[in-house]
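The values are calculated or read from the model by the stated rules, or taken from the named source; none is laboratory data. Source: prediction; values computed, not measured. Backbone-built Cβ (ideal geometry, glycine too); neighbour counts: all protein chains shown.
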Amino acid sequence: MLTIAIISGLILASILWVEIIRDSYHALSHHWTPLYRLHVWHHKVFRPDLTAASEEIYRQAHWYNDVPEALVMLLLSFVPLWLGYVFNWPFFWVTGVGSLYTAFFLVCAVFRGLGVAGIDELTDITHRPGQFESLPAEWFINRTYHWRHHFDDQKAYYSGTFALVDKILGTALSLKGKTIAITGASGTLGLALLTHLDRSGAKVIALSSKNEPITLDINGQQQTIKTITWQVGQESELSQLLETVDILIINHGINVHGARTPEAILQSYEINAFSCWRLMELFFTTVRTNKDIACKEVWVNTSEAEVNPALSPLYELSKRTIGDLITLRRLDAPCVVRKLILGPFKSNLNPIGVMSADWVAQQIIKQAKADFRNIIVTINPITFIAFPIKEFLTSWYFKLFSKKSNH
Ligand SMILES: NC(=O)c1ccc[n+]([C@@H]2O[C@H](COP(=O)([O-])OP(=O)(O)OC[C@H]3O[C@@H](n4cnc5c(N)ncnc54)[C@H](OP(=O)(O)O)[C@@H]3O)[C@@H](O)[C@H]2O)c1
């Protein structure tokens, strides 16, 4: 048993190693001019629908980019073999699988360079044209994920097979140039998110239920940003605007604390749950093209009250409702939906919160750039265990006992 575990571990590590080399070589190609001169051929060749601009450039791109990349991978694939030999690892020779794996990619790249018929359909799967059938994958790179490297931001989405390097570099989601709208914009977290998203290069839009325009501290100067007034119950009035939005952050919320009147029930569910759900559904209707599927996202600020007490029953009930509705709708969502699972931070809603909204906003953005679909920022260790278990079980329960609609 131990022998199988050691052999499997070494084989997997040798493959992971060459994939890390591949992604590092790719990232370097975008930051070091001599390599970029070769790599740029790979970018020149594809149109936004992923058809090749010319068969000749397609073949040339393989000689200039894919073949040298695979040769570097092959050379460095011998490092684990050499280390294993020097340090006398048990079964070190199985790390040679990494070299065989790389040799396969090298042969495929050479065949594509030679123009062997049908080889690109079989081996160049992240560059196939056609309608996207799935959302950008979280761990294993698919066409939708890779499309963003070509047409969203060439200085992000470097990973070729596993998303590990992008997650480590924080390049698994680019916010540069994205139009991001945030509800609850005049609130404590709303303002902090707007500020840090602006610093990340996004074009921010404040969605506020108040009439005052929102100002942010941008490079030490107070600047008024685009502010749209909206009201709970009138979500449909935002439909035109949402067409132009890449990422919608649903962040508004209230806490009625100890109240349990019919009015408090209505208000809590309407603001914390149903208006969020209506906005999310409205945003889904704006996802139509391949570009929308690849780039549009919704982030919903639910709260760690999904799994922990918040000493406010109606807050917990309404937040758990929206949390479960997202888990249900995420099963067939047309774009990426992230949950923000936040612990107590100091704000108008929670004056005794322990974290600062500024720090929370920075952590949210950091985790989003690593493509975490459930972004947990809290000081409560229980949430890091309880939330993933609850999300996994609820999601499977919903998957098994509900059906996808055909319309
Ligand atoms: N503070 C915490 O400890 C904590 C923990 C976990 C999660 N959260 C969640 O984080 C989000 C932001 O909260 P915050 O702590 O930053 O509180 P906040 O400062 O009170 O901000 C909440 C904002 O929500 C908007 N809002 C309130 N009532 C509304 C209504 N009737 N219609 C539309 N918008 C309304 C308001 O922004 P506009 O006036 O601009 O619309 C308000 O400023 C909330 O969803 C909250 O539940 C907070």
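Would you confirm whether or not the stretch 148-160 contains a residue that is within 16 Å of the ligand (Cβ to nearest atom), of a type in the set (S, T, N, Q) and surrounded by fewer than 21 Cβ atoms within 10 Å (Cβ to Cβ)? No, the stretch 148-160 has no match at all.
Would you confirm, using the coordinates I've provided, whether THR289 is within 30 Å of ARG128 (Cα to Cα) and without any contact (Cβ under 8 Å) to a residue 40 or more places away in the chain? Yes; evaluated as a whole, the condition is true for this residue.
All told, SER134 meets the bar of being surrounded by fewer than 18 Cβ atoms within 10 Å (Cβ to Cβ), outside any helix (DSSP H, G or I) and of a type in the set (Ser, Thr, Tyr). None of TYR64, TYR58 is closer than 16 Å to HIS127 by Cβ, crowded, with 21+ Cβ neighbours inside 10 Å, of a type outside the set (A, V, I, L, M, F, W, C) and over 28 Å from the mean Cα position of the chain (by Cα) except TYR58.
The residues on offer are PHE105, PHE151, PHE46, and the sole one that is among the aromatic types (Phe, Trp, Tyr) and under 30 Å from LEU10 (Cα atoms) is PHE105.
Inspection of the stretch 104-112 identifies no residue that is outside any helix (DSSP H, G or I) and either within 14 Å of the chain's Cα centre (by Cα) or surrounded by 18 or more Cβ atoms within 10 Å (Cβ to Cβ) (or both). What tally of residues in the stretch 373-391 results from selecting those that are assigned to a loop (DSSP other than H, G, I, E, B) and either buried (at least 17 other Cβ atoms within 10 Å of the Cβ) or touching a Gly at 6+ places or on another chain (Cβ under 8 Å) (or both)? So the answer is 3. Within the stretch 282-325, if we keep just the residues that are acidic (Asp, Glu) and either closer than 20 Å to ILE341 by Cα or assigned to a loop (DSSP other than H, G, I, E, B) (or both), the residue that is farthest from the ligand (Cβ to nearest atom) turns out to be GLU297.
Just to be sure before I move on: is HIS252 assigned to a loop (DSSP other than H, G, I, E, B), within 15 Å of the ligand (Cβ to nearest atom), in the same structural domain as GLU281 (by TED's automatic domain parsing) and within 24 Å of ASP371 (Cα to Cα) in the structure I sent? It is true that HIS252 is assigned to a loop (DSSP other than H, G, I, E, B), within 15 Å of the ligand (Cβ to nearest atom), in the same structural domain as GLU281 (by TED's automatic domain parsing) and within 24 Å of ASP371 (Cα to Cα).
Quick one: in the stretch 163-208, of everything that is of a type in the set (S, T, N, Q) and within 12 Å of the ligand (Cβ to nearest atom), which residue is nearest to ILE249 (Cα to Cα)? Of everything passing the filter in the stretch 163-208, THR183 is nearest to ILE249 (Cα to Cα). When the residues of the stretch 257-281 are filtered to those that are within 12 Å of the ligand (Cβ to nearest atom) and of a type in the set (A, V, I, L, M, F, W, C), which remaining residue is surrounded by the most Cβ atoms within 10 Å (Cβ to Cβ)? Checking each candidate, the answer is CYS276. Can ASP217 be described as among the charged types (D, E, K, R), within 18 Å of ILE364 (Cβ to Cβ) and either more than 8 Å from the ligand (Cβ to nearest atom) or touching a Gly at 6+ places or on another chain (Cβ under 9 Å) (or both)? When the stated conditions are applied, ASP217 does not pass them.
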